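Following: one structure in structure tokens, then a few remarks.
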Amino acid sequence: MMAFEQIPKKDWYSILGADPSANMSDLKQKYQKLILLYHPDKQSADVPAGTVEECIQKFIEIDQAWKILGNEETKKEYDLQRQEGDLRNTGPVDAQVYLEEMCWNEDDHTFSLSCRCGGKYSVSKDEAEEVTLISCDTCSLIIELLHYG
């Protein structure tokens, strides 16, 4: 790990108790259930103060999680970050490749590159804008995508 590594990001899915593959209505249901559970007004008067604090903390987290996951745009961005975080943890970057060095495939509109294991790295045109790490489809090697300029 590098020293200037960011503070681990919160896992918004686990805060909502949801699976990353969960659909919107599923996420919404979980959010609504939790937000009621932890709502400051819903806490009974005889709970110890520390517990109230905890509930409020949790309430804020749940609210934040929903702000991110309940919006298609921010959810997509967060999912990509998660994917990258996962990739960074899975293995070493084997090579740095410029997008321009990859082969463009007109049929399915993807850029691809052969891996030394015989598999291939591929990325769609849209993803190429956002993603910097691509994993091989058969082995665990990863390449880092660079852009000129």
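Values for this structure:
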| read-out | value |
| --- | --- |
| Complete set of residues in segment 132-145 that are surrounded by fewer than 13 Cβ atoms within 10 Å (Cβ to Cβ) and either closer than 16 Å to Trp104 by Cα or of a type in the set (Asp, Glu) (or both) | Asp137 |
| Qualifying residue in segment 65-86 (condition: farther than 17 Å from Asn23 by Cα, surrounded by 13 or more Cβ atoms within 10 Å (Cβ to Cβ) and in contact with a strand residue (DSSP E or B) (Cβ under 7 Å, 6 or more places away or on another chain)) | yes |
| Residues that are outside any loop (DSSP other than H, G, I, E, B) and either of a type in the set (Val, Ile, Thr) or farther than 17 Å from Thr74 by Cα (or both), drawn from segment 12-23 | Ile15 |
| Boolean, Gly85 is in a helix (DSSP H, G or I) and either farther than 22 Å from Asp11 by Cα or in contact (Cβ under 8 Å) with a residue 60 or more places away in the chain (or both) | yes |
| Criterion: exposed (fewer than 14 other Cβ atoms within 10 Å of the Cβ), within 18 Å of the chain's Cα centre (by Cα) and acidic (Asp, Glu) - qualifying residue of Glu106, Glu129, Glu100 | Glu129 |
| So Arg88, is it at pLDDT below 85 and among the charged types (D, E, K, R) | yes |
| Residues within segment 110-124 that are surrounded by fewer than 12 Cβ atoms within 10 Å (Cβ to Cβ) and either modelled with pLDDT of 90 or more or within 22 Å of the chain's Cα centre (by Cα) (or both), tallied | 1 |
| Filter result for the condition that a residue is loosely packed, with under 13 Cβ neighbours inside 10 Å and part of a helix (DSSP H, G or I), over Asp26, Asp46, Asp41 | Asp41 |
| Filter pass, Glu144 being of a type outside the set (Gly, Ala, Ser), within 18 Å of the chain's Cα centre (by Cα) and assigned to a strand (DSSP E or B) | yes |
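The values are calculated or read from the model by the stated rules, or taken from the named source; none is laboratory data. Just so you know, these numbers come straight off a predicted model, no measurement behind them. Virtual Cβ from ideal backbone geometry, glycine too; neighbours counted across all protein chains shown.
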